[in-house]
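K.L.:
Quick one: the structure is below, questions incoming.
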Amino acid sequence: MSVLELANTSRWYGNVVAVNDVSMRIGPGVTGLLGPNGAGKTTLIAMMSGFLAPSAGTVTLDGDPVWANVSIYRSIGLVPEREASFGYLSGRQFVRANAELHKLSAPGAATDRALDIVEMAEPADRLISTYSKGMRQRIKLAAALVHDPSVLLLDEPFNGVDPRQRMHLMELLTRMGGEGRTVLFSSHILEEVEQIARHIEVVVSGRHAASGDFGAIRRLMTDRPNVYLVRSSDDRRLATVLMGADSVSGVQLEPRGGVQVQVTDFGAFALAIPRLAQEHRISLREVTPTDESLESVFAYLVSA
């Protein structure tokens, strides 16, 4: 069970500040690292993996510094976004080279295991230059897994991967998180992050904007109402009743059925709606939040 921790970490390049005073703790399971282009995600991953020194603050793994600590690299697997120029190697040679760099006792067996995990055993003897973008992503992942690390860091791992391969990668990351590994990945494909990483870390303009369960983060945004779709046995009557509730700021009947309700106080609304429905003999059939998707949280945080 490994824990990565950043404490007041900054990184600058001359007068350009890429990461500014970021503190976060990444534990076992799958964590999504979100932010717009240029937010500092790649810089953060580079510091977490020990490939970039922080200009200020610290990055530690289980209390030990990551930078200039060669022994730490046996615990970390990195899948960078950038393509490495190893097209003259076969996939198998590339993965085995990583196994040998880690001085594994059985590099051949470790290579075969990593290739099987990412379903690249069949094309492993072809040159990487002949691979599709998705195949290159998977061979990079195999190289990152060959030494069986407890921490896996992936920078935009879904780029260029076809739907079937994407689903396989999602299942793989979910399984690894379930096994107790610490898995952190960045992605701009918000729907996919939502499916496999309920916990998120959001960076905007190099600063740490939010951390935690994205649904909980959304409910803390009290300056903007939560929106719910409520379906009942009598939507029109329910809309009239809800208009008088203190926790409701707006009500709208939906053309396809149901009532869209803007809520200013989630706790008060959760207590009020079953009571009001019972008092007016209305049967509630569905109460669903409509703006707790990761995309809505991300858009709000970026705009704020």
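The values are calculated or read from the model by the stated rules, or taken from the named source; none is laboratory data. All values derive from a computational prediction rather than experimental measurement. So basically every Cβ, Gly included, is an ideal-geometry build from the backbone, and we count neighbours across all protein chains shown.
K.L.:
Across the range 39-54, which residue is farthest from Lys140 (Cα to Cα) among those that are without any contact (Cβ under 8 Å) to a residue 60 or more places away in the chain and in a loop (DSSP other than H, G, I, E, B)?
P.N.:
Selected residue: Pro54.
K.L.:
Among the numbered criteria (1) in a helix (DSSP H, G or I); (2) out of contact with any strand residue (DSSP E or B) (no Cβ under 8 Å at 6 or more places or on another chain), which one does Glu83 miss?
P.N.:
(1)
K.L.:
Can you confirm whether Lys133 is under 27 Å from Asn37 (Cβ atoms) and over 19 Å from the mean Cα position of the chain (by Cα)?
P.N.:
yes
K.L.:
Now for a separate question. Sort out for me the strands (runs of 3 or more DSSP E) sitting completely within the range 137-216 that have 3 or more residues that are within 22 Å of Gly50 (Cβ to Cβ) and assigned by TED's automatic domain parsing to the domain that holds Gln93.
P.N.:
It comes to 151-155, 182-186.
K.L.:
Suppose we keep only residues that are touching a residue at least 24 places away in the same chain (Cβ under 8 Å) and in a helix (DSSP H, G or I) within the range 114-129. Which one would you say is nearest to Ile72 (Cα to Cα)?
P.N.:
This residue is Ala114.
K.L.:
Taking Ser71 as the residue in question, decide whether it is part of a helix (DSSP H, G or I), at negative phi and of a type outside the set (A, V, I, L, M).
P.N.:
Spelling it out, Ser71 is indeed part of a helix (DSSP H, G or I), at negative phi and of a type outside the set (A, V, I, L, M).
K.L.:
Got at least one residue in the range 187-195 being in contact with a helix residue (DSSP H, G or I) (Cβ under 6 Å, 6 or more places away or on another chain), buried (at least 21 other Cβ atoms within 10 Å of the Cβ), at pLDDT 90 or above and of a type in the set (A, V, I, L, M)?
P.N.:
No, the range 187-195 contains no residue that is in contact with a helix residue (DSSP H, G or I) (Cβ under 6 Å, 6 or more places away or on another chain), buried (at least 21 other Cβ atoms within 10 Å of the Cβ), at pLDDT 90 or above and of a type in the set (A, V, I, L, M).
K.L.:
Out of the residues in the range 100-138 meeting the condition of being of a type in the set (Gly, Ala, Ser) and under 25 Å from Thr174 (Cβ atoms), tell me which one is surrounded by the fewest Cβ atoms within 10 Å (Cβ to Cβ).
P.N.:
So the residue we want is Ser132.
K.L.:
Oh, and also: Report yes if Gly57 is in a strand (DSSP E or B) and either under 28 Å from Glu171 (Cβ atoms) or in contact with a His (Cβ under 8 Å, 6 or more places away or on another chain) (or both), otherwise no.
P.N.:
So Gly57 does not fit the description; no.
K.L.:
Of the residues that sit in the range 220-243 and are farther than 15 Å from Leu284 by Cβ and of a type in the set (A, V, I, L, M), which one is modelled with the highest pLDDT?
P.N.:
Of everything passing the filter in the range 220-243, Met243 is modelled with the highest pLDDT.
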